[in-house]
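The structure appears right after this line, and notes come after that.
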Amino acid sequence: MAPSHAATGAAAGVAATLATAPLTGMRADAWVLATGALIGAGAALLPDIDQPGSTAARSQGPVTGLAAAGAQALSAWAYRRTRTPNDARSTGTHRYLFHTPAFAVALGTVVGAAAMWRPAMAVIVWFTLSLALRGLGQALPKGRVRRGMTSWVAMTTTGRRLLRPLPRPLRRGLAEWLSVSLSAALITAVLIGQGAHTGPYIGLSLTLGMVVHSLGDALTRSAVPLAWPFQVHGRRWAMLGMPACLRFRTGSWPESVICIGSLTATGAGFLLAA
């Protein structure tokens, strides 16, 4: 669900920016909205950092791989410490702590405070942008345009020359990592150079991006502990979701509708602020 998560996160980021701007005296121009949208899109992939092999866990190689292991350990610890006798036995890793709105609010608050310091803001924007490019790139049909967005390094003469000696799987992964990371760095520099401000909207965009990820998972065959740390029928880790008859499989047409609708809403947000 990476493309639909990123699309819903982008819409949430725009909404967060439009809602926060009047409260902070900030003008929500196109550059500020773009920052919020891209942070939201990237943050909407972040909850899956608790699953090794996910887009978020692979995004920055060994660094995010180590972060994924830490996320699993933290989630398992929180599950063991807060579960009730009525909670189902589980490892408490994937789709537990990092898929709760409470954790999203806590992380967003920390990120929003850190983003008041401009160097920290640059790192936050760069990392979430790298996730956004991966997620939104997967929404494109396979072909030259998609490769140009996510693996453009392998399409350059210098890139092909440098990558040719490597095994094919490593070549593909390295090309994608370099392409996305360099593109994210360039876009970050442009956004900050054009006046994307530090401020609470960054933390709120990240929080809402993570929340819409969890809500998206609740629409599929899997459910998530949306109420944690509160109890539901004696269970603190109650897995909540839509009624079974309304859930859908990932990759089915309802997911496409949500993806297209979210991208349309994102565009409408830019028009509203124009």
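The values are calculated or read from the model by the stated rules, or taken from the named source; none is laboratory data. All figures in this text were calculated on a predicted structure; none of them were measured in a lab. All Cβ positions, glycine included, derive from the backbone under ideal geometry; neighbour counts span all protein chains shown.
Of the numbered criteria (1) under 13 Å from SER59 (Cβ atoms); (2) modelled with pLDDT under 80; (3) polar (S, T, N, Q), the one SER151 fails is (1). Kindly evaluate ARG95 against the criterion of being under 20 Å from PRO225 (Cα atoms), over 13 Å from the mean Cα position of the chain (by Cα), assigned to a helix (DSSP H, G or I) and among the charged types (D, E, K, R). The answer is no for ARG95.
Filtering the stretch 175-215 to residues that are hydroxyl-bearing (Ser, Thr, Tyr) and part of a helix (DSSP H, G or I) leaves SER179, SER181, SER183, THR188, TYR201, SER205, THR207, SER214. Candidates in the stretch 219-240 are the residues that are at pLDDT below 90 and crowded, with 18+ Cβ neighbours inside 10 Å; of these, the one that is nearest to ILE49 (Cα to Cα) is ALA223.
Considering only residues that are of a type outside the set (A, V, I, L, M, F, W, C), buried (at least 17 other Cβ atoms within 10 Å of the Cβ) and outside any loop (DSSP other than H, G, I, E, B), which ones fall in the stretch 40-81? Once the filter is applied, which keeps residues that are of a type outside the set (A, V, I, L, M, F, W, C), buried (at least 17 other Cβ atoms within 10 Å of the Cβ) and outside any loop (DSSP other than H, G, I, E, B), the stretch 40-81 yields GLY40, GLY42, PRO47, ASP48, ASP50, THR55, THR64, GLN72, SER75, TYR79. Looking for whichever is under 23 Å from THR8 (Cα atoms) and at pLDDT below 80 here; the options are ALA115, ALA104, ALA139. Which one fits? None of the others qualify; the one that does is ALA139. For the condition in a helix (DSSP H, G or I) and surrounded by 23 or more Cβ atoms within 10 Å (Cβ to Cβ), THR20 does not qualify.
Quick one: is GLY203 modelled with pLDDT under 80, surrounded by 19 or more Cβ atoms within 10 Å (Cβ to Cβ) and closer than 30 Å to MET121 by Cβ? Spelling it out, it is not the case that GLY203 is modelled with pLDDT under 80, surrounded by 19 or more Cβ atoms within 10 Å (Cβ to Cβ) and closer than 30 Å to MET121 by Cβ. Being out of contact with any Asp or Glu (no Cβ under 6 Å at 6 or more places or on another chain), assigned to a helix (DSSP H, G or I) and modelled with pLDDT under 90 is the requirement here; does GLY13 meet it? Yes.
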